[in-house]
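Q: Sharing a structure with you now.
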Amino acid sequence: MNANQTNQDGAGHGPGRVAPTGPNDNVAPTGRNGNKIVIFDTTLRDGEQSPGASMNLDEKLRIAEALQAMGVDVIEAGFPIASNGDFEAVEAISKIITESVVCGLARAGKKDIERAAVALKPARRKRIHTFISTSPLHMKFKLQMEPEAVYQAVIDSVTYARSFTDDVEWSCEDGTRTDWDFMCRCVEAAIKAGATTINIPDTVGYSVPEEFGAIIAMLFNRVPNIDKAIISTHCHNDLGLAVANSLAGVVNGARQVECTINGLGERAGNAALEEIVMAIRTRNDRMPFTTGIKTEHITKVSRLVSTVTGFAVQNNKAVVGANAFAHEAGIHQDGMLKHARTYEIMTPESVGLTESKLVMGKHSGRHAFRKKLEELGYMMDGEQLDDAFKRMKDLADKKKDIYDEDIAALVDEEAREQSRIRVVSLQVIAGTKGPQTAEIELEIDGDVRAHKSNGDGPVDATFKAIRALVPNTATLQLYQVHAVTQGTDAQAEVTVRLYEDGKSVNGLGADTDTLVASARAYVNALNKLLVKRQKRAPEALSA
């Protein structure tokens, strides 16, 4: 959970520390779910608070449906009072999700809770997640409230949330820097008021595994009604320990983990869902727990979130990075050839990663293409399928070999173009003699406009031409290019980050021409900036 204060003081731990149990010891009582770990995904709420990770409504719906198909238990769809866009997203997701619990975040105030309740009304299964800061640091400087007033707010907020739904979660923001005695009082009061899940956030990513595990164990030992609720973890990754802390919490009795796809989130991010799930699955000997996640969906959902947010997954990222199953060192390759398990602790297939095969080309038929799309997780029909098929044929005229990654990139690019601004054409003159010029045509709200600009290089000229057609004061924070596949004819995928008036957005674009991909990425970022401008962040947007 995010926070306004990141002071690294260690204040707040009261007496009564309890050593964490070891992996083979009897864990603390498990609440109502036995050894089943509830996976609570907050990609659409906490993940979207990552600078640049803005999503429109259609994109949020796509991700919500993918999360449900993967088996996520709880989807935190947004912060309804934050903006009209957040409210509409939570309401829309509530209408289409039938299996997962849909959750809305609310601060400890009636207006927040009421707004969440209205947004969640269509949901078949709903949860209100309310929170308030409990650390001395936050209570004094952020809330400017005395502990007794915070304690009463816990009771009042949970009681009010329970008047709208039986499924209420309560969080103590900055929990890992909270006085233990005060935490126990608040947790006991929240459960007594009707909270069915108690979440302990490491809001600023300050804790270490032994300490975080001890906090969870302490709650089971000291809170008399703890068996009436599920205990949850929500860990940030500022010290790179979010997954380790979450698993330490699980070992000591927590039965819900709050996490995000690709570890997306503010600052250094959150605990990564894929790492939590695969750690439990791979090391079930040390962590004898289960989740309901269909792990074969992991790679597909990871790519979807990366495409939608514009956050590329680093090559050495655990589980879903491009190098996660690559073996280049000679000794590793030799071992792999003799027996895969010498250097591979999980199979690529277990996370939905299949070998890229050259099955598409200029002679491929529409039926085969549709089958390939389904294998990659894209469901298309009618005009949408026809457009994607035409794009594949056009790509086959430019590129000899069509890989699965190429198909995913072109389909994602088509989805990105369904916005107010779209690249129609681009003509660039570049080279050592100069001047470098770019002439671009954009479709803006259905109207096609053109402009020609000079620049310090072809990319600069292209971006200047776009700015002339779509005036903005955004500054370019990031420009990054990588090849989708190998070969000189590979598609380029470009990431652009724009910053304007305290808001940052990421844009992605793909094409065999790097300059066209650059134009598309810049335009994609501008489309997201238009969405971001419509959002109003409330005071102390935290959770």
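Q: Does any residue of region 362-377 turn out to be within 23 Å of GLY321 (Cα to Cα) and either polar (S, T, N, Q) or assigned to a loop (DSSP other than H, G, I, E, B) (or both)?
A: Yes.
Q: Ok, one more. With (1) closer than 20 Å to ASP41 by Cβ; (2) modelled with pLDDT of 95 or more as the list, and HIS138 as the residue in question, which single condition is left unmet?
A: Every condition holds for HIS138 apart from (1).
Q: Could you tell me which residue of region 506-543 is modelled with the lowest pLDDT, considering only residues that are under 20 Å from THR488 (Cα atoms) and among the polar types (S, T, N, Q)?
A: THR512
Q: Is one or more of the residues making up region 228-235 part of a helix (DSSP H, G or I), aliphatic (A, V, I, L, M) and touching a Phe, Trp or Tyr at 6+ places or on another chain (Cβ under 9 Å)?
A: no
Q: Suppose we filter ASP73, ASP46 for residues that are more than 15 Å from SER94 (Cα to Cα), within 22 Å of the chain's Cα centre (by Cα), modelled with pLDDT of 85 or more and not β-branched (Val, Ile, Thr); which single one remains?
A: After ruling out the rest, the residue left standing is ASP46.
Q: Now a separate question. Restricting attention to region 327-361, and to residues there that are under 28 Å from the mean Cα position of the chain (by Cα), closer than 21 Å to ALA409 by Cα and not in a helix (DSSP H, G or I), which single residue is modelled with the highest pLDDT?
A: Residue satisfying both the conditions and the ranking: GLY352.
Q: Would you please name the residue that is surrounded by the fewest Cβ atoms within 10 Å (Cβ to Cβ), looking only at residues in region 493-516 that are hydroxyl-bearing (Ser, Thr, Tyr) and in contact with a helix residue (DSSP H, G or I) (Cβ under 8 Å, 6 or more places away or on another chain)?
A: The selected residue is THR512.
Q: Of the residues GLU88, GLU114, which single one is in a helix (DSSP H, G or I), closer than 18 Å to GLN49 by Cα and modelled with pLDDT of 95 or more?
A: Step by step, each of GLU88, GLU114 is checked, and only GLU88 is in a helix (DSSP H, G or I), closer than 18 Å to GLN49 by Cα and modelled with pLDDT of 95 or more.
Q: Report every pair of residues separated by at least 6 positions or lying on different chains whose Cβ atoms are under 8 Å apart, first residue within region 55-84 and in the same structural domain as VAL505 (by TED's automatic domain parsing) and under 14 Å from VAL305 (Cα atoms), second crowded, with 17+ Cβ neighbours inside 10 Å and modelled with pLDDT under 90.
A: Close Cβ pairs (under 8 Å, with a partner that is crowded, with 17+ Cβ neighbours inside 10 Å and modelled with pLDDT under 90) do not exist here.
Q: Moving on to the next point. Can you tell me which of ALA461, ALA465 is farther than 21 Å from LYS528 by Cβ, outside any strand (DSSP E or B) and aliphatic (A, V, I, L, M)?
A: Unique residue meeting the criteria: ALA461.
Q: Right, here's the next one. On the phi > 0 side of the Ramachandran plot and either of a type outside the set (Phe, Trp, Tyr) or crowded, with 24+ Cβ neighbours inside 10 Å (or both), is that true of GLY249?
A: It is false that GLY249 is on the phi > 0 side of the Ramachandran plot and either of a type outside the set (Phe, Trp, Tyr) or crowded, with 24+ Cβ neighbours inside 10 Å (or both).
Q: Now for a separate question. Is it fair to say ILE191 is at negative phi, crowded, with 24+ Cβ neighbours inside 10 Å and of a type in the set (Val, Ile, Thr)?
A: It is false that ILE191 is at negative phi, crowded, with 24+ Cβ neighbours inside 10 Å and of a type in the set (Val, Ile, Thr).
Q: Turning to a different aspect of this structure: Within region 194-213, how many residues turn out to be in a helix (DSSP H, G or I) and either surrounded by 24 or more Cβ atoms within 10 Å (Cβ to Cβ) or within 22 Å of the chain's Cα centre (by Cα) (or both)?
A: The qualifying residues number 2.
Q: Can you find a residue in region 140-151 that is crowded, with 22+ Cβ neighbours inside 10 Å and either in contact (Cβ under 8 Å) with a residue 40 or more places away in the chain or under 15 Å from ASP167 (Cα atoms) (or both)?
A: Scanning region 140-151 turns up no residue that is crowded, with 22+ Cβ neighbours inside 10 Å and either in contact (Cβ under 8 Å) with a residue 40 or more places away in the chain or under 15 Å from ASP167 (Cα atoms) (or both).
Q: Residue by residue through region 394-433, note down the ones that are closer than 27 Å to ALA450 by Cβ and part of a helix (DSSP H, G or I).
A: Within region 394-433, ASP394, LEU395, ASP397, LYS398, ALA409, LEU410, ASP412, GLU413, GLU414, ALA415, ARG416 meet the criteria.
Q: A follow-up question, please. Looking at THR165, is it in a loop (DSSP other than H, G, I, E, B), surrounded by fewer than 24 Cβ atoms within 10 Å (Cβ to Cβ) and among the hydroxyl-bearing types (Ser, Thr, Tyr)?
A: yes
Q: Here's a check for you: in region 458-478, which residue that is at pLDDT 95 or above and under 30 Å from ASP401 (Cβ atoms) is surrounded by the fewest Cβ atoms within 10 Å (Cβ to Cβ)?
A: Taking the candidates together, the pick is PRO458.
Q: Same structure, new question: Give me the residue from region 109-122 that is hydrophobic (A, V, I, L, M, F, W, C) and buried (at least 24 other Cβ atoms within 10 Å of the Cβ) and, out of that set, farthest from SER163 (Cα to Cα).
A: Looking at residues that are hydrophobic (A, V, I, L, M, F, W, C) and buried (at least 24 other Cβ atoms within 10 Å of the Cβ), I get ALA119.
The values are calculated or read from the model by the stated rules, or taken from the named source; none is laboratory data. Just so you know, these numbers come straight off a predicted model, no measurement behind them. Reconstructed Cβ throughout: ideal geometry from the backbone, glycine too, with neighbour counts over all protein chains shown.
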